[in-house]
1. For segment 8-32, which positions are crowded, with 20+ Cβ neighbours inside 10 Å and either at positive phi or away from the ligand (no atom under 16 Å from the Cβ) (or both)?
2. Here is a list: 157, 138, 147. Which entry is more than 14 Å from the chain's Cα centre (by Cα), more than 25 Å from residue 41 (Cα to Cα), in contact (Cβ under 8 Å) with a residue 24 or more places away in the chain and not in a loop (DSSP other than H, G, I, E, B)?
3. If I filter segment 61-72 for residues that are farther than 24 Å from residue 153 by Cβ, surrounded by 19 or more Cβ atoms within 10 Å (Cβ to Cβ), modelled with pLDDT of 95 or more and in contact with a strand residue (DSSP E or B) (Cβ under 6 Å, 6 or more places away or on another chain), do I get at least one hit?
4. Among (1) away from the ligand (no atom under 16 Å from the Cβ); (2) in a strand (DSSP E or B), there is one condition residue 58 misses while meeting the rest; what is its number?
5. Report whether or not residue 172 is surrounded by fewer than 15 Cβ atoms within 10 Å (Cβ to Cβ), away from the ligand (no atom under 13 Å from the Cβ), over 16 Å from the mean Cα position of the chain (by Cα) and in contact (Cβ under 8 Å) with a residue 24 or more places away in the chain.
6. Mind checking which residues of segment 144-158 are closer than 25 Å to residue 108 by Cβ, buried (at least 18 other Cβ atoms within 10 Å of the Cβ) and touching a helix residue (DSSP H, G or I) at 6+ places or on another chain (Cβ under 6 Å)?
7. Only one residue in 112, 104 is surrounded by fewer than 12 Cβ atoms within 10 Å (Cβ to Cβ) and within 10 Å of the ligand (Cβ to nearest atom). Which one?
8. With the structure loaded, tell me whether residue 52 is surrounded by fewer than 18 Cβ atoms within 10 Å (Cβ to Cβ), closer than 28 Å to residue 173 by Cβ and more than 17 Å from the chain's Cα centre (by Cα) or whether it fails that test.
Ligand code: DAT
């Protein structure tokens, strides 16, 4: 499918707090890929289907979200971040990066964000059980799924560099 795109589509997934939006913001500024923020798109279009009492957040209407994004994804050149990936069509993405963060570091980040109780514990468990990594490997060809450590500012710089290089390589390989 990538042959129909002039720029690749990139998915960044991982437990909340692992640094997805920080990374996507940086990548979109330097690569020219357009960052599609799922949370903001859901809010703007009210694409919700109930409320998750444990995670204390609205549940996204996945079918409506896929419909909303389909044309944009067909065009290519998009970077998406979300703490889930099994409802996105496999054909949309040329590469999937899964961010991983040490439990104690993640705990502090989420506590700073104001997460408490079940919401905090559920998210830490999600990281301990590598739920998003498994979901990514089950939902996409495992050869396009890469795990990236996201603990320190140095990790962030490394990840920006790695993804930028991957995008440049894709452009070279798909230039004719
Ligand atoms: P997410 O979008 O996955 O929920 P975020 O981008 O909002 O995560 O980042 C959560 C917090 O952690 C935010 O204060 C920025 C910080 N952060 C992100 N990546 C980091 C890294 N590699 N090293 C140190 N702090 C990081």
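1. 8, 9, 14, 17, 19, 31
2. After applying the criteria, what remains is 138.
3. The answer is no; no qualifying residue exists.
4. The one condition residue 58 does not meet is (1).
5. no
6. Scanning segment 144-158 gives a single hit, 148.
7. After ruling out the rest, the residue left standing is 112.
8. Spelling it out, it is not the case that residue 52 is surrounded by fewer than 18 Cβ atoms within 10 Å (Cβ to Cβ), closer than 28 Å to residue 173 by Cβ and more than 17 Å from the chain's Cα centre (by Cα).
The values are calculated or read from the model by the stated rules, or taken from the named source; none is laboratory data. Note that this is a predicted model, so its numbers are computed, not measured. Cβ coordinates were reconstructed from backbone atoms using ideal geometry, including for glycine residues, and neighbour counts include every protein chain displayed.
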